[in-house]
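Undergrad: Sharing a structure here in structure tokens format.
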Amino acid sequence: QVQLVESGGGLVQAGSSLRLSCAASGLIFSNYAFDWFRQFPGQDREFVAALIRNGAGTYYADAVKGRFTISRDNAKNTVYLQMNSLKAEDTAIYYCALRLYSSAVETGEYLYWGQGTQVTVSS
């Protein structure tokens, strides 16, 4: 079955960097798009970042633009989220999710979600 497993979260100080990974299995990795979301306590999940198909570009939430970078390695079936200049307000659980390339970023249908990885940024 399809599995998405996030890793790389942790407790860091403001201004630090983290790289999250999302390892996918049980599917043909290159056939799908993988995006990142996050969830603050007591709130719904919100979109963070997406890769446009065939490297046509990236799409970021305004709150992370210029600080976060999404990438993927098809040979390793893994998607990454490089997070630099972390702020206390980035503290959240981070999830990766997969969609068909034909599904719209952020508002389209996401077929599978990972279990999430906690990122905590101390100020």
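The values are calculated or read from the model by the stated rules, or taken from the named source; none is laboratory data. It should be emphasised that the depicted structure is a prediction, and the values quoted were computed from it without experimental measurement. Every residue, glycine as well, gets a Cβ built from its backbone with ideal geometry; the counts of neighbours run over all protein chains shown. All accessible areas refer to the heavy atoms of the entire protein, side chains included, with ligands and DNA or RNA removed. Shrake-Rupley method; radii C 1.70, N 1.55, O 1.52, S 1.80 Å.
Undergrad: When all protein chains stay in place, what accessible area (Å², nearest 10, 1.4 Å probe) is found for Thr58?
TA: 70
Undergrad: Rolling a 1.4 angstrom probe over the protein heavy atoms, how many square angstrom per residue are accessible across the chain?
TA: 51
Undergrad: Working out 0.36 nm times the residue gap between Thr107 and Asp44, then minus their Cα-Cα distance, what length gain in nm do you get to one decimal?
TA: Separation in residues times 0.36 nm, less the Cα-Cα distance, equals 21.3 nm.
Undergrad: With every protein chain kept in the model, how would you rank Ile28, Ile52, Ile70 by accessible area, 1.4 Å probe, largest at the top? Before the final figure, lay out the partial values.
TA: Numbers: Ile28 105, Ile52 70, Ile70 5 Å².
Ranked list, largest accessible area first: Ile28, Ile52, Ile70.
Undergrad: Need one value: the accessible area of Asp62 in square angstrom, 1.4 angstrom probe, rounded to the nearest 10.
TA: Counting only protein heavy atoms, Asp62 exposes about 130 Å² to solvent.
Undergrad: Let me ask you something else. At 1.4 Å probe size, with the rest of the protein present, what percent of the exposed accessible area of the chain is carbon and sulfur atoms?
TA: That fraction is 46 percent.
Undergrad: Still on this structure: If you place +1 on the Cβ of every Lys and Arg, -1 on the Cβ of every Asp and Glu, and leave all else neutral, what size is the dipole of the chain about its Cα centre, to the nearest 20 Debye?
TA: Dipole of the chain, to the nearest 20 debye: 300 debye.
Undergrad: For the stretch 104-121, just list the computed ³J(HN,Hα) in residue order, Karplus coefficients 6.51, -1.76 and 1.60, θ = phi - 60°, integers in Hz, with x standing in for Gly and Pro.
TA: Computed from phi, the couplings for the stretch 104-121 are 5, 4, 6, 9, x, 7, 9, 7, 9, 10, x, 8, x, 9, 7, 10, 10, 10 Hz.
Undergrad: Please give, to one decimal in nm, the separation of the simple spin-label points placed at Asn31 and Ala14, each 7 Å out from Cα toward the Cβ.
TA: Inter-label distance under the simple model: 4.6 nm.
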